[in-house]
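Taking it in order: structure first as C-alpha cells, then the write-up.
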2 protein chains.
Amino acid sequence: MNNPVKEILVIGLGLIGSSIAIASRAKGIVVHGFDINESSINKAIENNIIDKSFSSIEEINNKDLIGKVDLIIVSVSPKNTQDVINNLDILWNSEITITDTSSVKNHLSFKESSNIILSHPIAGSDRSGVEAGTEGLFIGKKNVICNPFDADQFHVDRLKDFWTHALQMRVSEMSVKEHDILFAVTSHLPHLISYALIDSIRLSATDVDDNAGAGLKEFIRLSGSNPKMWSEIFELNGMNIIKSLAGMQISINNLLELITKNKEIPSMFSHSEMLKNELEEIKNYKEDKF
Amino acid sequence: MNNPVKEILVIGLGLIGSSIAIASRAKGIVVHGFDINESSINKAIENNIIDKSFSSIEEINNKDLIGKVDLIIVSVSPKNTQDVINNLDILWNSEITITDTSSVKNHLSFKESSNIILSHPIAGSDRSGVEAGTEGLFIGKKNVICNPFDADQFHVDRLKDFWTHALQMRVSEMSVKEHDILFAVTSHLPHLISYALIDSIRLSATDVDDNAGAGLKEFIRLSGSNPKMWSEIFELNGMNIIKSLAGMQISINNLLELITKNKEIPSMFSHSEMLKNELEEIKNYKEDKF
C-alpha cells in the first residue's frame, strides 16, 4: 500500500469505536477521538485509548483536518450514523476517507460524495461503552464493506488496507441490499429470537435460577446486548427481519409436526455440520494468520 | 459421609458417561464401564477412561455385583434409560444405588424399587461419543435429582455425596413434574429454536459463508447436538416444550408489533441483567470452590 492510514479519528467511543482505537494505537497509528458523552472522552484519555480528543463535531468539520487525518470512522448507533456523517459535509469529497460501523445500511444515503464507504466489522459483545473496548475484538473477523456512493478507488483501497492490515480483519465487498438481507438472517433474527425467548421465560414466571444450560446462557448473553442499538436495527431492517422470521416459523411448524407425530428428527436437522466446518475455517484462519 | 462411593459402573460411554468416568477416576474411584457398542468399550480401555469392562447387561444383572459396586450410572438415551434399568431388576432393592442422566424424566417408571433415584447433570456439548469425554465437564455445574420412587435415604445421601464431592457439582432436588417443565424452558426450547433457525437459513438458501456473528455461531453449535437424542427429548417432553413455545410466540408477536410500529424496545427487554447476575454467581462459585 503506497498510502497507508497513519492517523485516524474515531467518532463514538463505544465498544466498537474504542476497540478500533485500541487496536489502531497498538499498530502505531495516531488516534484522535470524539464522543458526544464527555465522560467517555475523559475515560478514553485516562485509559490511553486515544492520543488526542476533539470537543465537538463542529471542531471536526473543518478543512484544517484535511492532510492531517487519513480516515474518519463514525462508530455511533445506526440512526445517528446518517446525522453525524451529514454534519461532516465540509470533509466530503476530500482526501480523508470516511466510513461507519453500522449493522444496517439501507437507511444511509450520501449524495455526491467521493470519499464515503460503508463498513460493517462483524464483532460484538453483550458489553458496551468505552470500558468494554478490547484490542483483539476484530482479529480474524469479517468486515463487509459496501460502496453504494461509488467512492474513488483510492479511498476503497486505503480503507481495505486499514481493515486488513491494521485491524487484521478479512474484508469482503457486497451491495447494501445483499448486506441487509444477509445480516437479517445471520445476526438480527438470532438477536430477536433471543429477546423473545428470554422475554417469554420472564412472562411465564419460570424460576430459572441457576438451572440454565449452555444454550440458554448464550440466549441470555445475546438478549443482554444494548437494547437501544438493537431497537434501531430491528426498525431499520424490519422488513428483511420479518421475512427471515416468516421462514423460521415454517421451520418451527415443521418441527412441531414432527414432535406431535412422534417422528424422528430427520437428518436434515443435522446439516449444520456444514456450517460448523465454516466456523472451523474461521478459527484456523485466525490461528494461522495472527 | 460414612459410606462414600468407592467403585462405580457407568453404563453408556457417550459424552456424559465417559466424562463421569474420567472425573471419577481422577478422584480415585474405581470405574467399571459398559456400552452396547463394543468399540466404545475398547476406546474407553485404550484411553484409560475405565478400569474394567463388562461384556453384556446380563453379566451386570447379577447378585455378584452387590457389595462390589456402590453406584450404577445409566447414561444412555432418554428412551433407552427405562429399558436398561428394567434389565437390572436383579439389582433393584439392593445396596447398590442406581441412577440415570436423562434430560427428561416423566417417562421413567420403576415400581417397588428402594434404590433408584433420578439424576440430571446439567452439562453438554455439541460433541458426542466416548472421545468427547472431558474431566472438567461437570465442575461447578448443577445436578438436579428427583426421587419419585421414594428411595431409601441411604441411597439419596450417597448419591448426593457422589455428585457433590466426587464430581464437584451443586445438587438440588425437585419433583419430576417441576424438572420437566423447567428444562422445557431452559434447555429444550432453546435447542428446538436453534434447529428451526438453522433449518430456515438452509431452506432460504442464504449463503451464510463465514458471515455468522457470535450469536448465530452459538445457534449453529446447539443445532449440531446429537439429533437422535434431541428427537427423543422433543418427543418425551413434547407437551411442556409446546407450551413454552406458545409463550415464546406471544413474545415474538409483541416484538413484531414493536418493530412494525417503529417503537423502541422497552426496557423490559433488558431485564436479562437479572439472569446475567445468576450466571455470574455460577462463575464465581466455580472459581471459588475448585
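Annotations
- Region A:87-126-region B:156-190 distance, computed between alpha-carbon centres (Å): 51
- Subtracting the Cα-Cα distance of residue B:164 and residue B:107 from 0.36 nm times their residue separation leaves 17.9 nm of extension gain.
- For the protein assembly as shown, the calculated P(r) over all alpha carbon pairs, in 10 Å bins from 0 to the bin holding the longest distance, is 3, 16, 24, 21, 16, 11, 6, 2, 0, 0 percent.
- Of all DSSP beta bridges in the protein assembly as shown, antiparallel share, percent nearest 5: 15
- Among beta bridges identified by DSSP and lying wholly in chain A, the antiparallel ones come to about 15 percent.
- Of all DSSP-defined beta bridges confined to region B:7-174, some 15% are antiparallel rather than parallel.
- Distances from residue A:139 to itself in the other copies, using label points 7 Å out along the Cα-Cβ axis, amount to 2.4 nm in increasing order.
- Approximating the spin labels as points 7 Å out from Cα along Cα→Cβ, the residue B:203-to-residue A:62 distance works out to 5.8 nm.
- Percent breakdown of C-alpha pair distances by 10 Å bin, ordered from the shortest bin, for chain A: 6, 25, 33, 21, 10, 4, 1, 0
- Relative packing of peptides B:27-37, A:62-72 - highest average C-beta neighbours within 10 Å first: B:27-37, A:62-72
- A from B by rotation - nearest chain B beta carbon to the axis, in Å: B:218, 2
- Inter-copy label distances at residue A:177, using a point 7 Å along Cα-to-Cβ, come to 5.6 nm with the shortest given first.
- Degrees between helix B:189-203 axis and first principal axis of chain B (Cα, 0 to 90, nearest 10): 60
- For B:237-246, mean number of other protein chain Cβ atoms within 10 Å: 3
- At R0 = 51 Å, FRET efficiency that the Cβ-Cβ distance of residue B:114 and residue A:39 yields, to 0.05: 0.20
- Neighbouring partner chain Cβ atoms per residue of A:221-231, average, 10 Å criterion: 6
- Principal axis analysis of the Cα atoms in region B:7-174 yields extents of 38, 34, 29 Å, listed in decreasing size.
- Within 10 Å of the Cβ of each residue in B:249-258, the mean number of Cβ atoms contributed by other protein chains is 6.
- Across A:177/B:261; B:142/B:177; B:27/B:105; A:217/B:27; B:6/B:228, pairs whose alpha-carbon gap is larger than 26 Å: B:27/B:105; A:217/B:27; B:6/B:228
- For region A:51-127, the spherically averaged projection of the C-alpha convex hull amounts to 5.9 nm².
Read-outs: derived from the displayed coordinates by stated rules, not from any lab. None of these values were measured; they are calculated from a predicted model. A quick note on method: Cβ atoms are made from the backbone with ideal geometry, for glycine too, and the neighbour counts reach across all protein chains shown.
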